[in-house]
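Enquirer: Here you go, one structure.
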Amino acid sequence: MILRLAVLAVLVAFPAAAQQTVAVTTDPAVVGQVPIEILANGTVQSESVVTVRTRVDGQITQVHVIEGQAVRRGQLLFTLDARLNQALLAQQEAQLVSARAAATRTQLDAARYQSLRGESYASQQRFEQAQADAAAAAANVLATQAIIAQTRLNIEFASITSEVDGVLGSLPLRVGNFVRQADTSPIPLATITQTNPILVQFNVPERWLPTIRRATASGNPGPVRAQADGDTEQPVEGQLVFVDSQVDVNTGTITLKARFNNDAGRLWPGQYVQIMLAPAVEDNAILIAAAAVQLGQQGRFVFVMDGNVARRRSVQVSRIVGDRAVVRGQIANNEKIIVEGAQRVSDGTRVEERAVTGAANARVSALEAGR
């Protein structure tokens, strides 16, 4: 008798439970164009790293820069002792004057013997000898001029300038050190790292390769954004400039490079950054709150608020964009997707919508404005 009464109590209570209304919050689905965003980790790389070495022998007499200084192309970095080459230059310039005088004399002799040969006062052999002496003297002038040009170049090399715009590394050698061009393992005078523009190298899964190739073939590969950890400003925006010629078979990824304008110096060589590449736009994409997606025995699903009843809809998640999920399924634009309270409802459960919080309301407003 007691057992029968308990069963009756359960049967009476169950319909009341089935009619219980669950309070939920919703977020509207948005159907439209959504950028395809590829996220990756990248490493900042300099486009050019120049090692500064001497091209002549000499003692360092002046250092015009300090470690870590930003330098411009053509800026003076070091001065070497050039007094020996300057003395050689003075000697060679004197030799050039002598060579030019000899060339003038031999040319006059050649002209004289040519006139004498016409009057039969000089032999053919003597005339040919005079011509050969004149040619040798002219060649000696040219050789001396070349030696002088080389010496002047060595004097110019004693003033070592920057070949690129960039930032200096450490300076291992100071005033008084003697440097040689022919050292087998010379210590560099400095290293200059170009920082503007700058590259970021990153890898993405090979499944994105067709999308990226189509974008690059169209001439519009889309923006690439980079941001370092701890950087609270807007990401730096650049352009994709390199797609590797082959996929890495060990990792299943493809290597890419992007170039960034780095006037503000926010990217630094060797730094790790987060990369977002947007090579294309997906049309008629369904964007919903990622927190609304649940996983069941038959796959992923969400609950849609249909009037005052929750309805289960199966979805497939394509990708996550921040706190939103791009999905495929039977979901229309502006349909209310249940977010909070979705774990307490089932298909057909009566629901009522709670007031949207300030943060959620702002997100809904932003979505409607973007649409």
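Enquirer: Work out how much length Ala182 to Arg152 would gain on full extension: take 0.36 nm times their residue separation and subtract the Cα-Cα distance, in nm to one decimal.
Expert: 8.9 nm
Enquirer: Taking neighbour Cβ counts within 10 Å as the exposure measure, how do Ile331, Ile187 sort from fewest upward?
Expert: Fewest-to-most ranking of Ile331, Ile187: Ile187, Ile331.
Enquirer: Arrange the peptides 308-315, 229-236, 255-262, 140-147 so that the one whose residues have, on average, the most other Cβ atoms within 10 Å appears first.
Expert: So the order, starting with the most tightly packed, is 255-262, 308-315, 140-147, 229-236.
Enquirer: Can I ask one more? State, as an integer percentage, the relative contact order of the chain based on alpha-carbon contacts under 8 Å between residues 6 or more apart.
Expert: Relative contact order, the chain: 28 percent.
Enquirer: Moving to a separate point now. Once fully extended, how much extra length lies between Glu163 and Gln114, figured as 0.36 nm per residue of separation less the alpha-carbon to alpha-carbon distance?
Expert: Gain in length upon complete extension: 12.2 nm.
Enquirer: How do Ser48, Ser185 rank when sorted from fewest to most other Cβ atoms within 10 Å of their own Cβ?
Expert: Ser185, Ser48
Enquirer: A further question on this structure: Under 19 Å from a point placed 7 Å out from the Cα of Asp347 along the Cα-to-Cβ direction: which residues of the stretch 306-331 have their backbone N that close?
Expert: What the label zone holds, given the 19 Å backbone N cut-off, is 306-317, 328-331.
Enquirer: Give me the number: length gained by fully extending Val309 to Glu67, i.e. 0.36 nm times residue separation minus the C-alpha to C-alpha distance, one decimal in nm.
Expert: Gain on extension, Val309 to Glu67, equals 80.1 nm.
Enquirer: Which order do Ile160, Ile60, Ile66 fall in if you start with the one that has the fewest other Cβ atoms within 10 Å?
Expert: Ranking Ile160, Ile60, Ile66 by Cβ neighbours within 10 Å, fewest first, gives Ile66, Ile60, Ile160.
Enquirer: So what's the convex hull volume per residue for the Cα atoms of the chain, in Å³?
Expert: Output value, Cα hull per residue: 284 Å³.
Readers should treat all values here as calculations from the given coordinates under stated rules, not as data from a laboratory. If you're wondering where the values come from, they're calculated on a predicted model, not measured in any experiment. Every residue, glycine as well, gets a Cβ built from its backbone with ideal geometry; the counts of neighbours run over all protein chains shown.
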